[in-house]
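Below is one structure, written out as structure tokens; the observations come after it.
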Amino acid sequence: MTALDNSALVERFIRLPDAQRKAFYDKLATRGMSLAQLPIPALRATCPRLPLSYAQQRQWFIWQMEPEGSAYNLPVTLRLRGALDVQALQRSVEALLARHETLRTCFAEDEQGAWQIIQAPAPVRLEVEDVLPTGDQTALIKAFVEREGLRPFDLHQGPLLRLKLLRLAADDHVLALTLHHIVSDGWSMQVMVDELVQLYAACSEGREVALAPLPIQYADYALWQRAWMEAGEQTRQLGYWLEQLQGDQALLELPTDHPRPGLRSSRGARLEVALPAALSEALAALARRCGVTPFMLLLASFEVLLYRYSGQGDIRVGVPVANRNRAETKGLIGFFVNTQVHRCQLDPREAFSALLQRVKHTALQAQAHQDLPFEQLVEALQPQRSLSHTPLFQVMFNHQSQARGEQSTLHLAQLRVESVDWEVQSAQFDLTLDTFEGSHGLSASLTYATDLFDATTVARMAQHWRNLLAAIIAEPTAAIADLPMLAVEERTQLLEGWNATARAYPLQQSVQALIEQQVERAPQATALLFGGQQLSYAELNAQANRLAHRLIEIGVGPDVLVGIAAERSLEMVVGLLAVLKAGGAYVPLDPEYPQDRLSYMIEDSGIHLLLTQQHLHEQLPVPASVEVLLLEQDLSSYPAHNPDVAVAEENLAYVIYTSGSTGKPKGAGNRHSALTNRLCWMQEAYALDASDIVLQKTPFSFDVSVWEFFWPLMTGARLAIAGSGEHRDPARLLQLIEQHQVSTLHFVPSMLQVFLLDERVHEARSLKRIICSGEALQVDAQQQVFAKLPQAKLYNLYGPTEAAIDVTHWTCREEGSDTVPIGQPIANLATYILDAELGPVPAGVIGELYLGGEGLARGYHRRPGLTAERFMVSPFGDGERLYRTGDLARYRPDGVIEYAGRIDHQVKIRGLRIELGEIEARLFEQAEVREAVVLAMDLLGSQQLVGYVVPNTEGIDAEQLKARLKAHLPDYMVPSQWVFLESLPLSPNGKLERKALPRPDVGQTQQTYVAPQSELEQQIAAIWQEVLQVERVGLRDDFFSLGGHSLLATQVIVRLRERLNLEIALKSLFTARDLGAFCEAAQALKSDGLSIEDELAKSLEALKRLSGGELEELIS
């Protein structure tokens, strides 16, 4: 069969009706033949309406979403040195436009869809801009290039090739050529420059142009592509990709410097990444040894980097393919490039060499299925739709076999042509790695979204990629997790530099000994204040000593646990101090706890002695095996001197029970040396003295109470004790602060929020130190403290019960940040942020927080298995213990730690990872919101976000809150269910009690049919029904839930324009997705338009009433 016969066969195939075309395709397939092997015929002249290619269809949609954007502008800039013939340049551009129809194409759309309009060749006006020969030429060129490259295109009107000449001197020009991606791609840009140079050479020399004729034009390719894909090729290739990419289309959560905005912009920048020649040569040699291409090797290394940065084992990377595997397309200018999604599932223990072979297999398979348009893959997979990120992948890898700058200088008879690089200011994706392979080796660049990343972060990422490349070369069979990504100095900084906290404290001395020393210094000074009672240091010491002697008599000594159940009082403090003086460890049992919980704690702790108060004795579930000692009993017969019981540093000081994942609380036992270290650090950091009064208000079952009790007593300050229940009442707290002139107190952040709402809070002028811990401190609370209590310092501390109270500290200050950090480790403590394989993560990357050093608890009381699980030997070779917190955190570049939530609070909804704290922070920004918390719950068979809100004022509703959140957050982070409460439930410790939050009544919020009411609502509903091919659409129905997608969305907009004369932005359908909200947006536009039309109509009526003379007067 001749080439002519083949062409006629394909032409006949394209003209067949759909059903016959599919049958023809199947017949070819059974004979092992494919249309891909046959030529593309030139049919465009016979087609009355030229369709868009699939790639153009997606670009058309993207442009309608952001018509003012420049992310898809393709600029190329040429420096022309020498005698330039401007007329010859103009003729060569006209010849280029005559040769390539794409350069004369614009686009239109109606109810039948979008189509290409090819305009006739016409003379080109080359705009020339002259500049004065003064100033910085480099800056002038840079400004010119960027200005031209960022100007938006109008795809309706064209032209989509823009040229402008900058004349620097008679023999020095800069030519800026900019195309829109819908008519070009990277390959096309090189074709265009090559042909333009050849055309100019011919025109300037007065000779005929000798370019080979083009067998087809781009519109022919678009017709052929659609016919081939629709006949069956789409189904064949789609089957492969659906199997390859099945499952959740998870968002790649790279650690960002800024929260992801609800609406992504195209703002970006580019960082050049230098790759030394030796590194390039070694990579090329490794690729040859492994039987892979440089593309495969570099892609695998990039996927390892993304894994190490995100912690996600399922990575999807976009990879562009030139899609020029046919002879007819090689010389065309047009949008041929296709995008593939390469999925890589990584196992941290897999050898890199094994991963590389899997990447090779994936790449070869992708190549065999490279024709499926990316747009069809998106529609088939139906990922969670969001305007905040691109679908299916957010990171791209693009490898080019010719480096930028190669062959960038051409010499013509009187002209030297050089390419001019320009500074990228746009980004199509979160991150793109471009690599270039040329005769001088490899080069690379990273293009990044500046809405998400700072330049320093991307520079650090580039260095880590280079480090990984070096490690891969050194040991390609190493496990992925073992490939060193950090430089030696960086690793040393993370493990040692930021943990250089050594201080010389008297750790061999117990807290009770330090208190006894303070008693000797000022025995008559006031120690305790409670109600109308007070005790001096000498009186407190004597009472505690008498009780201690009684405890010793009963058998209390080192590591003997003593339970204490008491309400806040002088007796409580005496009892706690006495247990320590006797050498024992106290176990606080809050009498407000439920009986079952108290019974469990008494049994689990194994105590044989309980200290309590008379009025509580009868209500406590005390077994017969436990002896009870009343704190009020007369002990005057016992000696008042210090018992001087020696305790070792490792002996227990207290055991505090904390919630357990099994539902049963677990007791964390803390050592004397850890407690001494913590309190000595606190005194060095915050310096209490005899003039200070500390308010003790925290329930003693919460470890914050430990420093509240003992820090003031070892430093000579006074301890004012809040009465039972007073810690929950802001008004009463203000009275206590004023009564005792309190200088220092602690708040759990949720209680601080409540306290700050009291209208008299500004009167607490005696406050000098407000210390927060126990929960994440919101920026909103910090700002309120700064505004209402400007004289007070605010400190944010962090620490689990499994360490002596707190392990990190931060002095709050105005930073303009969205979060309040937890700071840096306290004295003699170490913090490590590690990945799943216990390797240190770089600054900015989220990992799990581990603790080491003096502050660690001895372990869980009577739980050796759990202790071994949570307290582990350090992997860094010094044999010390580390505690695994279960908290997520990341380092700032200066070593300050930011808390990133609990591992078990991490939420994924439809594959998208959500940090609930980010949503809560946005809620706290609303003036009408007093308190807020967000949870993820299983409702109606799926995970949904529920927002719990305590309003400040009446009048705020769920729809208002949703609308405000959507201005800052992606749709998937906006709660679908809302519950309004008078207050949030708090535990006895003042922490939020999440389990006590009520489930939302989904019956009230479930979407029911609400009929369109107004004429406009009914008209728009009819268009939705027609486009979506459904029987009815209600005001609460979501366009995309009913089967809508990007192409159907454009059809809605077209029909609104043509039938209702409503020019509404395509983006509106993505931000107002249900019919009711969309109709409101349309009504607002219609109202604006009507007001203008009404004014115009009034003006015309007024003109009609004017006489001829009056009109003449107006005109003159």
Notebook entry, point to check: Across segment 258-271, in residue order, what do the Karplus-derived ³J(HN,Hα) couplings come to in whole Hz, using 6.51 cos²θ - 1.76 cosθ + 1.60 with θ = phi - 60° and x for Gly and Pro?
Noted result: 9, x, 5, x, x, 10, 6, 9, 9, 5, x, 7, 10, 10
Notebook entry, point to check: If you build the Cα gyration tensor of segment 252-366 and take the root of 5 times each eigenvalue, what three semi-axes come out, in whole angstrom, biggest first?
Noted result: 25, 24, 16
Notebook entry, point to check: Tell me, what is the FRET efficiency for LEU1047 and ALA143 to the nearest 0.05, using R0 = 41 angstrom and their Cβ-Cβ distance as r?
Noted result: 0.55
Next item on the list: For ARG416, put the label point 7 Å out on the Cα→Cβ axis and report which residues of segment 81-103 keep their amide N under 18 Å from it.
Entry: 81-85
Check: So which GluC sites (Glu not before Pro) in segment 275-372 pass both tests, a DSSP loop state and at most 16 other Cβ atoms within 10 Å of the Cβ?
Finding: GLU350
Notebook entry, point to check: Which value at 222 nm does the chain reach when only helices count, each DSSP H run of 4 or more adding -39,500 (n - 2.57), with the total divided by all residues and rounded to the nearest 500 deg cm²/dmol?
Noted result: -11500 deg cm²/dmol
Checklist line | Over the chain, relative contact order from alpha-carbon pairs under 8 Å, at least 6 apart, % | finding: 9
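Provide the FRET efficiency to the nearest 0.05 for the ARG1059-THR953 pair, computing r from the beta carbons and using R0 = 45 Å. Don't skip to the answer; put the middle values down first.
Details: r = 43 Å, r/R0 = 0.96.
Using R0 = 45 Å, I get an efficiency of 0.55.
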Next item on the list: Collect residues whose amide H, placed 1.01 Å from N in the peptide plane, falls under 5 Å from the amide H of GLN824; neighbours closer than 5 in sequence don't count.
Entry: HIS809, ILE897
Check: Say a paramagnetic label sat at a point 7 Å from the Cα of ASN325, along Cα to Cβ; which residues of segment 10-53 have their backbone N under 16 Å from it?
Finding: 33-40
Checklist line | Exceeding the 32 Å Cα-Cα cut-off - candidates LYS164/LYS360; LYS27/LYS330; LYS697/LYS995; LYS666/LYS768; LYS962/LYS995 | finding: LYS164/LYS360; LYS666/LYS768
Check: Can you list residues whose amide H is under 5 Å from ALA932's amide H, if they're 5+ apart or on another chain and H is modeled 1.01 Å from N?
Finding: VAL950
Notebook entry, point to check: Which ordering of THR698, THR501, THR138, THR339 is given by a fewest-first count of other beta-carbon atoms within 10 Å?
Noted result: THR138, THR501, THR339, THR698
Notebook entry, point to check: What does the charge add up to near ASP18, with Lys and Arg as +1, Asp and Glu as -1, over the other residues with Cβ less than 12 Å from its Cβ?
Noted result: +3
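In segment 752-838, which trypsin sites (Lys or Arg not before Pro) are in a loop and have at most 14 other Cβ atoms within 10 Å, using DSSP for the loop call? Intermediate values should be presented prior to the final figure.
Values: sites: ARG760, ARG765, LYS768, ARG769, LYS788, LYS793, ARG813; in loops: ARG760, ARG765, LYS768, ARG813.
Sites meeting the loop and neighbour criteria: ARG760, ARG765, ARG813.
So, counting K/R as plus one and D/E as minus one, what does the shell of residues with Cβ under 14 Å around GLU928 add up to?
Numbers: positive: ARG922, ARG930, LYS962, ARG964; negative: ASP780, GLU925, GLU931, GLU954, ASP957, GLU959.
Summing Lys/Arg as +1 and Asp/Glu as -1 gives -2.
Going by average Cβ density within 10 Å per residue, which order do the peptides 88-94, 622-628 take, highest to lowest?
88-94, 622-628
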Notebook entry, point to check: If you keep only loop residues by DSSP, which trypsin sites (Lys or Arg not before Pro) in segment 6-72 have at most 12 other Cβ atoms within 10 Å of their Cβ?
Noted result: ARG31, ARG49
Item checked: Förster-model FRET efficiency, 41 Å R0, GLN735 and ALA538, C-beta, rounded to 0.05 -> 0.90
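Computed from the coordinates by the stated procedures, all read-outs in this text should not be read as laboratory data. What you see is a predicted model; the values in this text were computed from it and never measured. FYI the Cβ positions are ideal-geometry reconstructions off the backbone, even for glycines, and counts take in every protein chain you see.
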